[in-house]
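Since the structure comes first, as structure tokens, the remarks are kept for the end.
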Amino acid sequence: SMKDYKKAKSNLYSALNKMKTVKSDSLLNRINQSLFKNHMLTESDSSFFYLQKVNHYYKNIGDDLSYYILYSNNFNYYIAQNNPKLAKISIDSCVYYAKKSKEKDRILLALGNLVYNQVQIEKNYKKGKETYLEIFRISDKDTLSTRFAEHSYSYGNVLQSLGEYKEANKFLRRAVEIKDYLYKQNISNAVHDIETKYKI
């Protein structure tokens, strides 16, 4: 809720004041990153101010991981600002540095943002299909996660847009099956936890 965002913002500003006595660039940057996200979520004009602060920090570090975060932040900002040209430049750079870092989770997150841009913003379903196939190749063993289910569902919709209905149904069914499986697992775990507490 908006009340929670205001409380979080107040706590972050308080932390920022306390940071004046502590010399820690990384901690200061974490606070600025949180303020950037908070201002983004509340659609505040101050989000660009904090974006510039975190960008400056990551540029000074200058490694692949820092540039991945920098361009990921930029992508989210420019999408929110309805600036597709700069959003495209940012997500392409984000994917480039994610792949350079060779960290699977970061590559998947970057590709997830890339495919969002291709499908939702550019309406380029052919490119989106290629990116989803790359995502599925990378997540080869991660086939029972919520993220995989969401990708399967979105990919099914992309295939429908391309007129590939039979293949689309396969992925839409797969998404439902995974979600159903995860729901049953969560219920089973919750029941087990309650039984354990009851026995204790």
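What is the percent carbon and sulfur in the accessible area of the stretch 81-200, measuring with a 1.4 Å probe over the protein chains and ignoring ligands? Write down the numbers at each step before the final one.
Working: 4180 of 7940 Å².
In the stretch 81-200, the share of accessible area belonging to carbon and sulfur is 53 percent.
Between residue 179 and residue 122, what length comes free when the chain is fully extended (0.36 nm per residue of separation minus the Cα-Cα distance, one decimal in nm)?
Once the chain is fully extended between residue 179 and residue 122, it gains 17.7 nm.
Taking 35 Å as R0, compute the FRET efficiency from the Cβ-Cβ separation of residue 81 and residue 24 and round it to 0.05. Can you show the working numbers first?
Details: r = 31 Å, r/R0 = 0.87.
Once the sixth-power term is evaluated, E becomes 0.70.
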Where labels lie 7 Å past Cα in the beta-carbon direction, separation of residue 99 and residue 140 in nm: 1.8 nm
Note, ³J(HN,Hα) from phi for the stretch 124-137, Karplus 6.51, -1.76, 1.60, rounded to Hz, x at Gly and Pro: 9, 5, 5, 5, x, 4, 4, 5, 4, 5, 5, 4, 5, 5
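Mind scanning 85/170; 53/102; 100/127; 59/127 and naming the pairs with a C-alpha gap bigger than 23 Å? Before the final figure, lay out the partial values.
Details: 85/170 34 Å; 53/102 26 Å; 100/127 21 Å; 59/127 30 Å.
Where the Cα-Cα span goes over 23 Å, the pairs concerned are 85/170; 53/102; 59/127.
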Accessible surface of residue 56 - all protein chains present, 1.4 Å probe, nearest 10 Å²: 120 Å²
Low-density loop cleavage sites - trypsin sites (Lys or Arg not before Pro) in the stretch 36-128, where at most 14 other Cβ are within 10 Å (DSSP): 102, 123
Accessible area per residue, Å², the stretch 90-179 with all protein chains present, probe 1.4 Å: 56 Å²
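The values are calculated or read from the model by the stated rules, or taken from the named source; none is laboratory data. It should be emphasised that the depicted structure is a prediction, and the values quoted were computed from it without experimental measurement. Don't worry about glycine lacking a Cβ; one is built from the backbone with ideal geometry, like all the others, and counts go over all protein chains shown. These accessible areas exclude ligands, DNA and RNA; they are computed on the full protein's heavy atoms, side chains included. Shrake-Rupley method; radii C 1.70, N 1.55, O 1.52, S 1.80 Å.
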